[in-house]
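Enquirer: Encoded as structure tokens, here's the structure I'll be asking about.
The values are calculated or read from the model by the stated rules, or taken from the named source; none is laboratory data. Everything quoted here is computed from the prediction, not taken from an experiment. Here Cβ is always computed from backbone atoms with ideal geometry, including for glycine, and neighbour counts include all displayed protein chains. Just so you know, the surface numbers come from the protein's heavy atoms only, side chains and all, with ligands and any DNA or RNA stripped out. Shrake-Rupley method; radii C 1.70, N 1.55, O 1.52, S 1.80 Å.
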Amino acid sequence: MSPRCRSCAPVPSELRAVADLLERRWTLGTIYACSSGAVRFNEFRQSLPGVSPTTLSERLEQLEDAGVVERRLVPGRPPHAEYRLTAKGKRLAGAVTELLQHR
């Protein structure tokens, strides 16, 4: 067992919560798809081949709960929902894009 690092600060719980969200499969892809123009559920499905409807629905809900996307109900026949990045989501999408440039 290695000695404990006396100069290391503990990882903040907020960072752990963000990491838990981002490490889930399809989360980064969903953020990228939203920043690339996907706003409706079926557009996300087209942008993310292989994602199940259940998983996509869960990811969108988790991102909404985290304040990364906002869901808007659009009246019409039939009514539908659209998803948009929040200011927080746009900053996160910028980081995702930056990661892609350094691969």
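Enquirer: On the basis of being free of Cβ contacts under 8 Å to residues at least 60 places away in the same chain, closer than 17 Å to residue 25 by Cα and open to solvent by less than 80 Å² (accessible area, probe 1.4 Å), does residue 64 make the cut?
Expert: yes
Enquirer: I need every pair where a residue in the range 82-103 that is of a type outside the set (Gly, Ala, Ser) and assigned to a loop (DSSP other than H, G, I, E, B) has its Cβ under 9 Å from the Cβ of a residue that is open to solvent by less than 50 Å² (accessible area, probe 1.4 Å) and at pLDDT 90 or above, sequence separation at least 6 or different chains.
Expert: Final answer for the pair search is 86/67; 86/68; 86/69.
Enquirer: Does residue 70 satisfy the condition of being outside any helix (DSSP H, G or I) and more than 22 Å from residue 98 (Cβ to Cβ)?
Expert: Yes; evaluated as a whole, the condition is true for this residue.
Enquirer: Conditions: (1) modelled with pLDDT of 95 or more; (2) surrounded by fewer than 10 Cβ atoms within 10 Å (Cβ to Cβ). Residue 78 meets all but one. Number of the miss?
Expert: The one condition residue 78 does not meet is (1).
Enquirer: Oh, and also: Starting from the range 17-39, take each residue that is farther than 14 Å from residue 92 by Cβ and list its partners that are among the acidic types (Asp, Glu) and open to solvent by 60 Å² or more (accessible area, probe 1.4 Å), counting only C-beta distances under 8 angstrom and pairs at least six apart or across chains.
Expert: If the second residue must be among the acidic types (Asp, Glu) and open to solvent by 60 Å² or more (accessible area, probe 1.4 Å), the pairs left are 37/43.
Enquirer: Same structure again: Go through the range 15-36 and count every residue that is open to solvent by 80 Å² or more (accessible area, probe 1.4 Å) and in a helix (DSSP H, G or I).
Expert: The number of residues fulfilling the criteria is 3.
Enquirer: Which residue, of 62, 46, is under 15 Å from the mean Cα position of the chain (by Cα) and not in a loop (DSSP other than H, G, I, E, B)?
Expert: Within the list 62, 46, the selection yields 62.
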